[in-house]
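The block underneath contains the structure these notes are about, expressed in structure tokens.
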Amino acid sequence: MFALRASVFRTPALFRRLYHPAGASGQQTAADFLTDIENDADDLDVRPTAFEEDFLPPQAPSPEGYPPPQQQLTPAFSRQQITKDVQPVYRLHCQSSRNNTMVTFTRPDGRVVAWFSGGSTPSKFRKANRATYEAGYQCAVGIFGKIRSHMQNEGPFRLHLFFKGFGEGREAMKTALLATEGETIRKLVSHITDRTPIKIGGTRSKKQRRG
């Protein structure tokens with residue numbers, strides 16, 4: 001009734017009925033007026049306004065109901081969709097100390113796929129030179145080649161990068177990863193973790209070596 005009464009004064013037919021009432025007495029009661037409106041509702045184009053539509057209750061669905069899903073959802077189908085995008089996470093460890101730089105590429109279960117150190121690079125660095133920046137950079141470039149060849153054989157995977165130590169090989173690994181040599185590997189990295197142990201308290205450290 002709210003929508004009908006709000007729309008009364010927008011209908012030309014109701015204007016004529018309101019200002020030119022029928023009957024010999026020339027008067028029409030409100031009840032008769034509303035009764036005539038309900039009787040002539042089929043002939044009138046009474047529609048709610050945009051303001052009234054906001055307050056209307058939700059309409060029931062059609063007798064046919066909602067359409068069925070395009071593909072039946074079963075536990076097996078859902079599990080297939082979930083496991084389809086999951087990729088194995090391999091690990092790349094970079095341990096750099098004052099004496100050497102070692103990088104290791106392992107499977108998700110920890111089995112070693114390939115490794116490089118300052119002494120196994122093409123330059124064959126010896127003694128203190130194994131801990132230099134150049135040795136660390138060659139280790140990074142070498143292990144990147146192993147990762148690319150493994151990806152071609154085994155398929156796509158993700159990479160978790162671990163750092164340990166504050167040697168020069170750490171900076172060399174980061175530089176190689178951001179350079180052109182690490183463009184393919186950089187897209188595989190999903191996590192980066194620093195495993196460098198930090199000593200807090202504990203026993204007194206060893207006396208520094210002289211000269």
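The values are calculated or read from the model by the stated rules, or taken from the named source; none is laboratory data. All values derive from a computational prediction rather than experimental measurement. In this analysis, Cβ positions are derived from the backbone assuming ideal geometry, glycine residues included, and neighbour counts consider all displayed protein chains.
Residues are listed down the side, and each one gets a yes or a no for (1) out of contact with any Asp or Glu (no Cβ under 7 Å at 6 or more places or on another chain); (2) within 29 Å of ILE198 (Cα to Cα); (3) at pLDDT below 95:
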site: ALA114; (1), (2), (3): yes, yes, no
site: GLY118; (1), (2), (3): yes, yes, yes
site: SER123; (1), (2), (3): yes, no, yes
site: ALA128; (1), (2), (3): yes, yes, yes
site: ALA131; (1), (2), (3): no, yes, yes
site: PRO156; (1), (2), (3): yes, no, yes
site: PHE162; (1), (2), (3): yes, yes, no
site: GLY167; (1), (2), (3): yes, yes, yes
| task | For residues that are farther than 14 Å from TYR133 by Cβ and of a type in the set (D, E, K, R), scanning just the stretch 153-181, find the one that is surrounded by the fewest Cβ atoms within 10 Å (Cβ to Cβ). | result | GLU154
| message | Checking the condition farther than 19 Å from ASN100 by Cα, out of contact with any strand residue (DSSP E or B) (no Cβ under 6 Å at 6 or more places or on another chain), in contact (Cβ under 8 Å) with a residue 24 or more places away in the chain and among the basic types (Lys, Arg), which residue from ARG210, ARG148 passes? | response | ARG148
| Filter result (closer than 15 Å to TYR137 by Cα and surrounded by 17 or more Cβ atoms within 10 Å (Cβ to Cβ)) within the stretch 182-195 | GLY182, ILE185
